[in-house]
Amino acid sequence: MKKMYAVPAFLTSNDIKRVRSLLNMTQKEFADFVGTSKRTIENWESSKKEITGPIVLLLSMIENNLNLIEEIEIPEKKLPLRMFYMHNQEICTLIDVDDINQKVIIKNYTKNIMYKAFGINENPTYKDYQEFLKERCFPETRDKLKLILEDLGLPFYDPFLIIKKTEGRMAEDNFWIRIEE
């Protein structure tokens with residue numbers, strides 16, 4: 001038996017305009033959000049035809065969960081360093097850091113505690129951040145450390161510099177770190 005779902009069969013141009021308005025987005029912002037072009041949004045909003053496809057389900061989900069946007073939005077960068085703790089291509093934790101003032105702000109994008117950069121800790125200290133960096137690279141006590149550092153082109157052991165070179169990738173591990181400075 002074919003499963004049925006409580007989702008509209010199609011949208012109208014007014015539906016697209018209404019949801020975009022609810023989100024307070026321009027056509028370009030909305031196009032970026034739903035993964036299409038501004039021209040497609042313009043076409044949908046001026047269409048006299050029924051609009052079908054994945055956008056129907058997406059808009060239904062968005063309209064029924066408007067706080068979803070806040071949950072997945074990446075906030076404006078307020079500190080000098082931004083790191084994305086990733087699992088494959090999924091952002092798990094956003095980490096903003098001010099090394100001078102030793103300040104750390106995070107935002108988790110996963111509910112899976114095992115995927116969060118700091119586990120259950122929602123307010124990590126700068127010391128927690130430093131420990132996190134150490135955990136994402138080889139230990140300072142590693143055999144032939146000087147040769148490894150030389151291969152990486154690093155003059156000394158520094159977890160942040162090592163992560164910049166290795167993206168914090170570890171063997172048998174799908175987690176990694178993207179850095180924006």
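The values are calculated or read from the model by the stated rules, or taken from the named source; none is laboratory data. Keep in mind that this is a model prediction, so the values were computed, not measured. Cβ placement follows ideal geometry from the backbone for every residue including glycine, while neighbour counts extend to all protein chains displayed.
Cβ-Cβ contacts under 8 Å between residues 6 or more apart (or on different chains), taken from a first residue in the stretch 159-174 that is of a type in the set (Lys, Arg) to a second residue that is part of a helix (DSSP H, G or I), are listed as LYS165/LEU152.
To keep it simple, each residue is scored yes or no on (1) hydroxyl-bearing (Ser, Thr, Tyr); (2) modelled with pLDDT of 95 or more; (3) surrounded by fewer than 17 Cβ atoms within 10 Å (Cβ to Cβ); (4) part of a helix (DSSP H, G or I).
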site	(1), (2), (3), (4)
LYS3	no, no, yes, no
PRO8	no, no, yes, no
ASP15	no, yes, no, yes
SER21	yes, no, yes, yes
MET25	no, no, no, no
THR36	yes, yes, yes, no
GLU45	no, yes, no, yes
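To keep it simple, each residue is scored yes or no on (1) touching a Gly at 6+ places or on another chain (Cβ under 6 Å); (2) among the aliphatic types (A, V, I, L, M); (3) over 19 Å from ASP99 (Cα atoms).
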site	(1), (2), (3)
GLY119	no, no, yes
PRO124	no, no, no
LYS127	no, no, no
GLU135	no, no, no
GLU140	no, no, yes
LYS144	no, no, yes
LEU147	no, yes, yes
GLU150	no, no, yes
PRO155	no, no, yes
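Say we look at the stretch 90-128 and pick out the residues that are under 10 Å from the mean Cα position of the chain (by Cα) and part of a strand (DSSP E or B); which of these is surrounded by the most Cβ atoms within 10 Å (Cβ to Cβ)? Top of the filtered list is THR93.
Give me the residue from the stretch 148-163 that is in a helix (DSSP H, G or I) and of a type outside the set (D, E, K, R) and, out of that set, nearest to ARG178 (Cα to Cα). If you could, list the steps in order and put the result at the bottom.
Step one: list which residues in the stretch 148-163 are in a helix (DSSP H, G or I), which gives 148-152, 159-163.
Those still in the list that are of a type outside the set (D, E, K, R) too: 148-149, 152, 159-163.
Details: ILE148: 21, LEU149: 20, LEU152: 17, PRO159: 14, PHE160: 12, LEU161: 13, ILE162: 13, ILE163: 9 Å.
Across the stretch 148-163, the extreme among qualifying residues is ILE163.
Within the stretch 66-89, can one find any residue that is in a loop (DSSP other than H, G, I, E, B), more than 30 Å from LYS164 (Cβ to Cβ) and not assigned by TED's automatic domain parsing to the domain that holds GLU135? Within the stretch 66-89, one or more residues are in a loop (DSSP other than H, G, I, E, B), more than 30 Å from LYS164 (Cβ to Cβ) and not assigned by TED's automatic domain parsing to the domain that holds GLU135.
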